[in-house]
Amino acid sequence: MTVSSPRSRARAVMVLGTTSGAGKSFLTAALCRWYARQGFKVAPFKAQNMSNNARVVPGLAPDMPGALPRMGEIGSAQYFQALAARCRPDVRMNPVLLKPEADTASQVVVMGEVHEELNRVPWRERSERLWPHARAGLEALMAENEVVVIEGAGSPAEINLHASDYVNMRTARAADAACLLVTDIDRGGAFAHLYGTHQLLPPEERALLRGFVLNRFRGDAALLAPGPQQLRQLTGVPTLAVLPMWRGHGLPEEDGLYDGAGGWSAPADAGALRIAIVAYPRISNLDEFQPLQNLAGTGRVRLRWARTPAELEGADWIVLPGSKAVAADLAWLRAQRLDQPVARHAAAGGAVLGICGGLQMLGETLVDPHGLDGNAPGLGLLPLATQFERDKLLRPARLRFAAPLAAPWQALGGLALEGYEIHHGRTVQHPSLAPAEVVLREADGSVVGWQQGSVLGVYAHGLFEQPALMQALFGTGRHGLETVFEGLADYVDTHFEPGSLMRLLQPREHQGGGVGG
């Protein structure tokens, strides 16, 4: 089926949700791979994302001949969707990223770059200033591709926000998108969610809805009757798919913490490495731990997200992950009295790993001359000092560990890996203390990792996504992402009504009795 010529505009398929967490990111990634497998040139798009999980990607080229594009950041969900689409991620795929820094404040990232002045602009006014950037990204992708798979945000029927919401139906109208509306049936009330969302949309926006999707269904789908039929009679919209509950698909959850709480003891877990990750309030880049979660079912690893001292007990490793508000999260860690068991664990020779913000916490001091994050004493487990700079460092990283390394990190010695850096802090050896061992360097020679005793701190994210590291530490080098994307495409191919995904690419006037008719 041909949907475009080199001079024509792409067709857009958009995934909307009745609520946050309905499964939009997951389904968008699956559709990206499904359409790519049909031979189309595919790209993902989300006008605005709110997440502290971000990836470093190429930004826009400067307006000067021969200049290379700067690096920027987009939400991790759009990064993975781009990989699923078999295209190179770039900032146009998520032109606006909001990174929460407090309950009422977010850092605003536009086309990959921080725009501090927009942080202080009222919400509705800010939306009108952001929409032109989002539309420019959408139009560029629509011009360069055959299919653009768009993810919405939250619900398109938040009537108090509808006038200023450019992420959902304004984007859908701009792209003339064929819209799917997905709901989480496991929560209950799925038919009411679908019908209510449909009814709250204006008629011209309802007309863009081409199919309903029931996600996370458990049981016999035949028991849903006559619900889908009655819903179609009420709305004219067919139910195109009933997607069974699938917990182990392997794609990182965009913002939720994994189900890692609970005791360590289980017969199947004898000998498993017990890893506790401290889950502070402004945790960031937690998606990089998905490969560890994938190992949890193999008997090699047990993963726990820790918020209390009791949840650190029995851990073989303690991990301090990235943070969007390092000083505030460090204060929270101390308030929860997590600092003491971390220090005891390190003193006993237990493995402690700090990544980015976690590395900064492990040092002696945090210095903030520009008022970006906050001044604070560190945990004192590495002889390092960090100063926060105005300019954020964004770069892909080509890395090599020193060799040999001391226990318990000796398996990493000499490994060459890739990752990415995204941080305001610049960290150096503390001038008044005996230096830590430099154990990780970038390709240009810059230092991005230190070790003292059993404590290791690194600036590089994404190391657990590297097969060589997983092989060295856990005896399995399976990368997994391609397998995940292919599994997602197989999943929607099996559970969507036959032919319906291709019919979404046809203009509305060609639909006759509807996508499912």
>> Pairs please, first residue from the range 284-295 and assigned by TED's automatic domain parsing to the domain that holds H461, second anywhere and in a helix (DSSP H, G or I) and of a type in the set (F, W, Y), Cβ atoms under 7 Å, 6+ apart in sequence or on different chains.
In response: E288/F464; F289/F464; P291/F464; L292/F464; L295/F474
> Can you spot a residue in the range 74-83 that is outside any helix (DSSP H, G or I), surrounded by fewer than 23 Cβ atoms within 10 Å (Cβ to Cβ) and at pLDDT 90 or above?
Replying inline: no
>> Regarding the range 143-156, can at least one residue be identified that is within 15 Å of R92 (Cβ to Cβ), charged (D, E, K, R), surrounded by fewer than 20 Cβ atoms within 10 Å (Cβ to Cβ) and in contact with a Ser or Thr (Cβ under 9 Å, 6 or more places away or on another chain)?
In response: no
> Can you name every residue in the range 138-160 that is in a helix (DSSP H, G or I) and either out of contact with any Phe, Trp or Tyr (no Cβ under 7 Å at 6 or more places or on another chain) or more than 30 Å from A30 (Cα to Cα) (or both)?
Replying inline: E139, A140, M142, A143, E144
>> Of the residues A207, A178, only one is at pLDDT 95 or above, touching a helix residue (DSSP H, G or I) at 6+ places or on another chain (Cβ under 9 Å) and surrounded by fewer than 17 Cβ atoms within 10 Å (Cβ to Cβ); which?
In response: A207
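Residues are listed down the side, and each one gets a yes or a no for (1) surrounded by fewer than 19 Cβ atoms within 10 Å (Cβ to Cβ); (2) modelled with pLDDT of 95 or more; (3) not aliphatic (A, V, I, L, M):
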{"site": "P281", "(1), (2), (3)": "yes, no, yes"}
{"site": "Q290", "(1), (2), (3)": "no, no, yes"}
{"site": "T308", "(1), (2), (3)": "yes, yes, yes"}
{"site": "L312", "(1), (2), (3)": "no, yes, no"}
{"site": "A315", "(1), (2), (3)": "no, yes, no"}
{"site": "L330", "(1), (2), (3)": "no, yes, no"}
{"site": "R334", "(1), (2), (3)": "yes, yes, yes"}
> Within the range 440-458, which residues are under 16 Å from L381 (Cα atoms) and either in contact with a Phe, Trp or Tyr (Cβ under 6 Å, 6 or more places away or on another chain) or not in a strand (DSSP E or B) (or both)?
Replying inline: G453, S454, L456, G457
>> Whether any residue in the range 34-45 is of a type in the set (G, A, S), within 19 Å of Y166 (Cα to Cα) and modelled with pLDDT of 95 or more is what I want to check.
In response: no
>> Filter the range 102-136 down to the residues that are among the aliphatic types (A, V, I, L, M) and not in a strand (DSSP E or B) and list them by number.
In response: M111, L118, V121, L130, A134, A136
>> For the range 404-424, which positions are farther than 16 Å from E442 by Cα and assigned to a strand (DSSP E or B)?
In response: H424
>> Among the residues of the range 461-479, what is the count of those that are buried (at least 17 other Cβ atoms within 10 Å of the Cβ) and closer than 19 Å to A296 by Cα?
In response: 10
> Does at least one position in the range 377-393 carry a residue that is out of contact with any helix residue (DSSP H, G or I) (no Cβ under 8 Å at 6 or more places or on another chain), of a type in the set (K, R) and outside any strand (DSSP E or B)?
Replying inline: no
>> Can you tell me how many residues within the range 328-352 are over 14 Å from R307 (Cβ atoms) and of a type outside the set (S, T, N, Q)?
In response: 13
> Among (1) crowded, with 23+ Cβ neighbours inside 10 Å; (2) part of a loop (DSSP other than H, G, I, E, B), where does H370 come up short?
Replying inline: (1)
> Residue check: is E497 modelled with pLDDT of 95 or more and under 30 Å from R9 (Cα atoms)?
Replying inline: yes
>> Looking at G227, G219, G152 in this structure, which one is out of contact with any Asp or Glu (no Cβ under 9 Å at 6 or more places or on another chain) and on the phi > 0 side of the Ramachandran plot?
In response: G219
>> Whether any residue in the range 89-97 is crowded, with 18+ Cβ neighbours inside 10 Å and polar (S, T, N, Q) is what I want to check.
In response: yes
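The values are calculated or read from the model by the stated rules, or taken from the named source; none is laboratory data. Not measured: the values here are computed from a predicted model. When we count neighbours, we look across all protein chains shown, and the Cβ atoms used for this are built from the backbone with ideal geometry, even at glycine.
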